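Worksheet for the structure shown next.
The values are calculated or read from the model by the stated rules, or taken from the named source; none is laboratory data. Keep in mind that what you see is a predicted model, and the values were worked out from it rather than measured. Cβ: placed from backbone, ideal geometry, glycine included. Neighbour counts: every protein chain shown. Side chains included, ligands, DNA and RNA excluded: accessible areas come from the protein's heavy atoms. Shrake-Rupley method; radii C 1.70, N 1.55, O 1.52, S 1.80 Å.
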Amino acid sequence: MWRVDTSDIERYMSITDDFVKDFFNWINNNKGQPESVIERSLEKDDTKFGNVVNRLNTLSELLISLTLQGDVEAVINQYENMTLDYFAYITSGANTVGFSNKTNEIIERLFGYFYKDLLNTKTFWEQYDNGFNNPSKRKFRDEFGRNHPICPYCDTNNIMFYKESNSDHFLAYSHFPLLSIHWKNLVVSCLSCNLYIKNDQFIGTKDGISEYIPILHPYFDEVAEYITFKFDDELNISITESDNEKAINYCELFELEEKYEGAIHEAISVWEGVQSDVISNYLIGLNDEVNELIKLEQIYSEIVNRKKSEKEDKKGTIRFTKLIIDLFEYKLSAQEKNNELEFLMNEIKSRRTSTSPLIPSL
């Protein structure tokens, strides 16, 4: 929900773009040749690309198969368009080019192999060194989670441990296989958002019909700026997207309204803590020469603003920061502040006349 600093992600995973570029350059240089000539050319290739392909039989077979396809140039053009202007695919939903059934089959196998197998081999990372120690697909998730420990889609779940996360293909691999290892399309997210909510839903334009397009993306957008959490008197939660189509599609795709219904308990717990802090500070610092309501308002505003600032400093590192920031904004509004001050003053009076400990309630 908070925009992700992608500098480390790009440094870790953009090496895959270099590999695919080498892959298609090799095809460009060898397309149109007889299969026997293509095989000999590959056997003699001692570049880092050749070293990878020649050590992985499945990869070499798929490379040769794609090179022999008559529409391979259209595949290359499609890949270049998608990666050079990835942003267009999440804003305007550009259509993909249709290839022959055979080419489609090879692409699905090939780019599936890239993601599921190639990135798990030492052979690839030895040749395409990204400067990290013992890099792997799992370590990418670990690195991401260490720097961005909360799911960037929902802001509710931890992803600091690799078993709490998945590398999500923002544009689903099942629909856009050419983007299977493109770093801009890989977002480490919580299992809930990836496997159970978003899954492989289609984001794009097909046959003139758009699905979830345009949409926000945590690598390009500060999603939290487009979404506002609203509360009623009991702190039930609803979401306002400010009539922004990108935000509406985002909230619908990730089912945020439903996901945050249960967060009422988080909001109540946080707010009860604030109430307790305000009352404690009021009783400790009470000065009889100061109007009680003025003093209470000063303490209330100071504590809520301070806690709001603390949450803002923790964006993307602790859960529910957007929700709690909006809760504090709501509680600082004129009408709600007056309601709270009245409630707190009554609690303070009750505490003064009671020997039992105060249990703040909404």
query = Heavy-atom accessible area per residue, the chain, 1.4 Å probe: how many Å²?
reply = 48
query = Which order do K206, K230 take by accessible area at a 1.4 Å probe, largest first?
reply = K206, K230
request  = Return the carbon/sulfur percentage of the accessible area of the chain, one whole number, probe 1.4 Å, all protein chains in place.
outcome  = 43
query = Which three extents, in whole angstrom, do the alpha-carbon atoms of segment 48-165 cover along their principal axes, largest first?
reply = 47, 39, 21
task = Would you mind pulling out the separation of the Cα centroids of segment 158-179 and segment 21-69, in Å?
result = 28
query = Could you give the Stokes-Einstein D for segment 6-73 in µm² per second, using the C-alpha Kirkwood radius, 4 °C, 1.567 mPa s?
reply = 101
query = Within the set K137/K184; K116/K246; K116/K311, which residue pairs have Cα atoms separated by over 26 Å?
reply = K116/K246; K116/K311
19 Å Cα-Cα reach of K307 towards lysines, excluding residues that sit fewer than 8 places from it in its own chain = K230, K295, K315, K322, K331, K337
message = Among 332-339, 108-115, how do they line up by average Cβ neighbours within 10 Å per residue, starting with the highest?
response = 108-115, 332-339
